[in-house]
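K.L.:
Mind looking over this structure? Questions follow.
The values are calculated or read from the model by the stated rules, or taken from the named source; none is laboratory data. Given the structure is predicted, the values throughout are model-derived calculations rather than measurements. Every residue, glycine among them, receives a Cβ derived from its backbone with ideal geometry; neighbour counts consider all protein chains shown. Just so you know, the surface numbers come from the protein's heavy atoms only, side chains and all, with ligands and any DNA or RNA stripped out. Shrake-Rupley method; radii C 1.70, N 1.55, O 1.52, S 1.80 Å.
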Amino acid sequence: MYAKFSVSRDTANDFIRLFVNRRAYSMQAHKPLPNGKVPYFLARDWTTKQPKPLDADVVRVHLNGDVTINLYAINPETQRCKWVAIDGDFDGAVEALFKLQWELKQDGVEAAIESSRRGGHLWIFTETPLLASECRIYIYNVALRLGVPIVGGGLKQGIEVFPKQDQIEEGEFGNAIRAPLGVHRKTNRRYWFYDAPTDPIAQLGYLNGLKKLTEAELHTFIQGMSLPESYKPPVPEPYVPRPSHEGQQEFRILDHVRPKTKDRRNWWAPCPSCRQSGKDKSGDNLSIQIANPRYYKCWAGCTADDIRAALGQPLRKKQLA
Ligand SMILES: [Zn+2]
C-alpha cells in the first residue's frame, strides 16, 4: 500500500504552478484491466460533456493518493508547454536518463529524475511556457548526440518525449503523462523524484529550487537545428479527386455524411449503414481520413459495401472479363 497524505491547498497550488499548463486533464482508472493496463480517460463534466477544468481540489486528492490524474503538455491556445518529460521504460532506461540529465547540466539545464514502474521520467521545467516544437528540437538533438534511442522513426524501444506533438489543434489534447507525486494504480505505489525526501511538500520544494529553462537559452541551444528528419511528422498526401469515369463522378463519402467531430487525422461521422439499422447513437462510428477522404472506416464493422448500399450508391461491380 502507499502512504496517504493530507496536503493543503497551498501545496496543491504549488503543484499547479509547476505542472499545469492547461486545465483539461485525464483520470487513471482505479484498477487495472484484466490485461494489466490501467486505462485513463479525459475528465468531463457529467452534464455538459465538456472537459472538466483541473483545480486545486482535484490536485489535492491526487497528492493525497485518492485519485490519480494525468496531465497534458501543450496548451492549444499558445502551442506552449511548461515542462518537458522524458519517459524511459526500456532496459537501460535509467542509465540513459542519467546520461541525459548530465548532458543537459552541461548546458546549464537542471532536470529532475522521477522513478517509475519500469524506469524513470526526466523532467525539465521552464521559466515561462515555451513552444512545444522548440523544446522537442532541443531534446531530440541532445538525445541523438548521446546515442540515446528515441521511439519513432522506426524504433520501438527508446525514450518518449512529452510533448509528443509539435502542435495541437483546438479540441485536441495530445498525449497525457501520469502526474508526478501521486499513486500509480497499476502497482498501488508512489514513485518519487530521486533527490528529495519522499513527501509532497519536500518534493515540490526540491522541484521549485531547480533552475528553470528560459526561452533565450532554448533559442541559443537550438540555433540552426530542426527535428531530426526521421522524426518529422509525415507530410499529408494531397487529395486529388480521380477524373470522372464514364461521365460518373467519383463517390465522395463527405458528400453524404456530416462529420460530428475531427481529430488530428480523421473526421468522425455517423455511419450510414449503422444508422440504417438503428445503431450509432453517438453518431461517430465512421472515421474519414482528412488527408485523403477516399479512406473511410466504420469502427462497428460495416464494410464499404454496406455503407455504399445504405447510401443507395452500391459499389460498382468489377466488369467481367
Ligand atoms: Zn457502421
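K.L.:
Could you pull the accessible area for residue 298 with a 1.4 Å probe, rounded to 10 Å²?
P.N.:
Only protein atoms counted, so the area is about 10 Å².
K.L.:
Can you pull out the chymotrypsin sites (Phe, Trp or Tyr not before Pro) in segment 37-80 whose DSSP state is coil and whose Cβ has at most 16 other Cβ atoms within 10 Å?
P.N.:
Here the chymotrypsin sites (Phe, Trp or Tyr not before Pro) that fit, given the DSSP loop and packing criteria, are 46.
K.L.:
Shifting gears a bit: Using a 1.4 Å probe, what is the accessible area per residue for the chain, in Å²?
P.N.:
With all protein chains present, the chain gives 54 Å² per residue.
K.L.:
Here's a follow-up. Measuring from a point 7 Å past the Cα of residue 215 along Cα-to-C-beta, which residues in segment 78-94 have an amide N at less than 18 Å?
P.N.:
78-84
K.L.:
From the helices alone, meaning DSSP H stretches of at least four residues, give me the mean residue ellipticity at 222 nm for the chain, per-run term -39500 (n - 2.57), in deg cm²/dmol to the nearest 500.
P.N.:
-7000 deg cm²/dmol
K.L.:
Now a separate question. Short version: what are the Cα gyration tensor semi-axes of segment 8-129, square root of 5 times each eigenvalue, largest first, in whole Å?
P.N.:
27, 20, 14
K.L.:
Once you order the gyration tensor axes a ≥ b ≥ c over the Cα atoms, which shape class does segment 179-236 get: rounded for a/c under 1.5, otherwise prolate or oblate by comparing a/b with b/c?
P.N.:
oblate
K.L.:
Could you pull the Rg and Dmax for segment 9-231, using just the Cα atoms, both in Å?
P.N.:
My reading of the Cα-based Rg and Dmax gives 16.8, 51 Å.
K.L.:
Is the shape of segment 1-80 best called rounded, prolate or oblate, per the rule: a/c under 1.5 gives rounded, else a/b larger than b/c gives prolate, else oblate, with a ≥ b ≥ c the square roots of the Cα gyration tensor eigenvalues?
P.N.:
Since a/c reaches 1.5 but b/c is at least a/b, the shape of segment 1-80 is classed as oblate.
K.L.:
For the chain, what's the relative contact order in percent, using C-alpha pairs closer than 8 Å and at least 6 residues apart?
P.N.:
Computed value for the chain: 15 percent relative contact order.
K.L.:
Mind putting a number on the dipole of the chain about its Cα centre? Charges go on the C-beta only, +1 for Lys and Arg and -1 for Asp and Glu, and I need it in Debye to the nearest 20.
P.N.:
Its charge dipole is roughly 1300 debye.
K.L.:
Okay, moving on. Kindly write out, for segment 110-120 in residue order, the coupling ³J(HN,Hα) from the Karplus curve 6.51 cos²θ - 1.76 cosθ + 1.60 (θ = phi - 60°), rounded to whole Hz, with x marking Gly and Pro.
P.N.:
8, 10, 10, 9, 9, 6, 9, 4, 10, x, x
K.L.:
Moving to a separate point now. Label residue 144 and residue 47 with points 7 Å out from Cα along Cα→Cβ: what is the distance between them in nm?
P.N.:
Computed distance between label sites residue 144 and residue 47 equals 5.1 nm.
K.L.:
Using a 7 Å offset from the Cα along the Cα-to-Cβ direction at both residue 5 and residue 106, what is the distance between the two label points in nm, to one decimal?
P.N.:
It works out to 3.5 nm between the two label points.
K.L.:
Using the Karplus curve 6.51 cos²θ - 1.76 cosθ + 1.60 with θ = phi - 60°, what ³J(HN,Hα) values do you get for each residue of segment 184-189, in whole Hz, with x for Gly and Pro?
P.N.:
With the stated coefficients, segment 184-189 comes to 7, 6, 6, 10, 6, 10 Hz.
K.L.:
Each residue of segment 83-92 in turn: what ³J(HN,Hα) in whole Hz from Karplus with 6.51, -1.76, 1.60 and θ = phi - 60°, glycine and Pro shown as x?
P.N.:
8, 10, 10, 10, 9, x, 9, 9, 4, x
K.L.:
Sticking with this structure for a sec: Once all Cα-Cα distances of segment 100-150 are split into 5 Å bins that start at 0, what whole-number percent is in each one?
P.N.:
Per 5 Å bin, starting at 0, the Cα pair percentages come out as 4, 16, 26, 30, 17, 5, 0.
K.L.:
With springs only between Cα atoms under 10 Å, which of 184, 121, 30 fluctuates most in a Gaussian network model of the chain?
P.N.:
For the chain, modelled as a Gaussian network with Cα springs under 10 Å, the answer is 30.
K.L.:
Give, as a single signed number, the net charge of other residues whose beta carbon lies under 11 Å from the beta carbon of residue 203, with Lys and Arg counted +1 and Asp and Glu -1.
P.N.:
Overall, the nearby charge balance is -3.
K.L.:
How far is it, in nm, from the label point at residue 250 to the one at residue 169 when both lie 7 Å from their Cα along the line to the Cβ?
P.N.:
2.0
K.L.:
If you roll a 1.4 angstrom probe over the protein chains with everything in place, what fraction of the accessible area of the chain belongs to carbon and sulfur, to the nearest %?
P.N.:
52
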